[in-house]
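Following: one structure in structure tokens, then a few remarks.
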Ligand code: G1P
């Protein structure tokens with residue numbers, strides 16, 4: 001059983017200033033729902049109901065969002081607006097929330113390591129809320145990955161093809177095709193220049209990790225950007241064992257950029273909100 005999911009949410013969100021001056025970027029709404037809630041709902045749908053946030057300074061409203069607001073409950077009870085709370089009430093009824101504080105920004109690998117105490121010796125998911133994944137039919141991306149995990153019992157990263165001139169924004173994998181859309185990772189590199197990239201298969205913000213990753217992370221020196229990179233730890237894991245890369249079904253929006261965020265907003269408005277699915 002895999003029930004735990006880490007959400008690294010300590011980043012500053014400088015690309016969205018001034019909007020993110022005093023509120024976390026993860027709380028920015030895509031239509032009417034904060035980015036992070038999309039991620040938590042995707043985790044919940046996959047059975048990952050033990051949600052661990054790795055937070056930092058200025059992120060308190062995330063904790064408030066995933067808690068009861070008695071004043072609001074009191075105000076809205078029995079009114080025509082009550083249904084607006086159905087989604088978040090469902091999340092609160094079904095998930096447990098834990099928080100760990102990342103005091104220094106030392107990279108995604110460091111953030112995940114900071115979540116170690118919330119996970120223990122269990123396999124776990126990682127969701128980067130910035131990467132919004134929408135699957136209109138069938139399983140969400142994390143649920144697709146949990147199914148694979150049950151079969152293969154190893155770390156899995158979600159990937160998609162990106163244009164060659166964008167490989168320097170991502171962790172890039174190369175691998176052997178096992179079956180349609182599924183690769184055994186041979187190598188991976190964080191944010192390579194296009195000439196050094198082993199492929200155009202980019203890791204997007206969905207991972208399932210086995211707990212041995214923590215000891216590897218403890219011993220992973222800073223890499224790209226001087227940060228401790230999960231990609232470097234996974235490279236070690238794939239050299240010693242098996243790591244899979246999975247081309248997921250669904251659409252992914254890079255909500256860490258203004259362009260991706262606007263695209264996601266338009267898409268969700270047309271395809272979810274207008275159809276009564278938000
Ligand atoms: C992180 C990872 C990178 C991955 C990306 C997906 O980078 O380090 O390997 O491809 O997320 O969004 P970041 O976007 O935090 O720079």
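Of all the numbered requirements in (1) touching a residue at least 60 places away in the same chain (Cβ under 8 Å); (2) farther than 23 Å from residue 26 by Cβ; (3) part of a helix (DSSP H, G or I), residue 265 misses one, and that requirement is (2).
Only a single criterion out of (1) surrounded by fewer than 23 Cβ atoms within 10 Å (Cβ to Cβ); (2) in contact with a helix residue (DSSP H, G or I) (Cβ under 8 Å, 6 or more places away or on another chain); (3) outside any strand (DSSP E or B) is not satisfied by residue 112, namely (1). The residue that is surrounded by the fewest Cβ atoms within 10 Å (Cβ to Cβ), among those in region 11-26 that are at pLDDT 95 or above and within 14 Å of the chain's Cα centre (by Cα), is 25.
Pairing residues of region 133-146 that are at pLDDT below 95 with residues that are part of a helix (DSSP H, G or I) and surrounded by fewer than 17 Cβ atoms within 10 Å (Cβ to Cβ), at Cβ distances under 6 Å and at least 6 apart in sequence or on separate chains, gives no pairs at all. Taking the condition of being modelled with pLDDT of 95 or more and more than 15 Å from residue 92 (Cβ to Cβ), how many residues in region 46-59 meet it? Residues flagged as modelled with pLDDT of 95 or more and more than 15 Å from residue 92 (Cβ to Cβ) within region 46-59 amount to 6.
Please go through region 130-158 and pick out each residue that is part of a helix (DSSP H, G or I) and either in contact with a helix residue (DSSP H, G or I) (Cβ under 9 Å, 6 or more places away or on another chain) or within 23 Å of residue 270 (Cα to Cα) (or both).
141, 142, 143
Among all positions in region 40-60, there is at least one residue which is surrounded by fewer than 18 Cβ atoms within 10 Å (Cβ to Cβ) and within 19 Å of residue 278 (Cβ to Cβ).
Filtering 192, 198 for residues that are within 14 Å of the ligand (Cβ to nearest atom) and either in a strand (DSSP E or B) or in contact with a helix residue (DSSP H, G or I) (Cβ under 7 Å, 6 or more places away or on another chain) (or both) leaves a single hit, 192.
For region 220-258, the candidate set comprises residues that are more than 14 Å from the ligand (Cβ to nearest atom) and under 23 Å from residue 15 (Cα atoms); within that set, the residue that is surrounded by the most Cβ atoms within 10 Å (Cβ to Cβ) is 251. Going by what's in this entry, would residue 266 be described as on the phi > 0 side of the Ramachandran plot and either surrounded by fewer than 22 Cβ atoms within 10 Å (Cβ to Cβ) or within 15 Å of the ligand (Cβ to nearest atom) (or both)? Taking the combined requirement at face value, the residue does not satisfy it. Restricted to helices (runs of 4 or more DSSP H) entirely inside region 1-89, those with at least 2 residues that are farther than 21 Å from residue 143 by Cβ are 60-65, 70-76.
Would you call residue 172 in contact with a helix residue (DSSP H, G or I) (Cβ under 9 Å, 6 or more places away or on another chain), at pLDDT 95 or above and farther than 24 Å from residue 12 by Cβ? The answer is yes for residue 172. Looking across region 252-278, the residues that are in contact with a helix residue (DSSP H, G or I) (Cβ under 7 Å, 6 or more places away or on another chain), within 13 Å of residue 134 (Cα to Cα) and at pLDDT 95 or above come down to 253, 254, 255.
Residues in region 154-189 that are surrounded by fewer than 17 Cβ atoms within 10 Å (Cβ to Cβ) and closer than 25 Å to residue 222 by Cβ were compared, and the one that is nearest to the ligand (Cβ to nearest atom) is 169.
The values are calculated or read from the model by the stated rules, or taken from the named source; none is laboratory data. The structure presented is a predicted model; accordingly, all values stated were derived computationally and were not measured. Here Cβ is always computed from backbone atoms with ideal geometry, including for glycine, and neighbour counts include all displayed protein chains.
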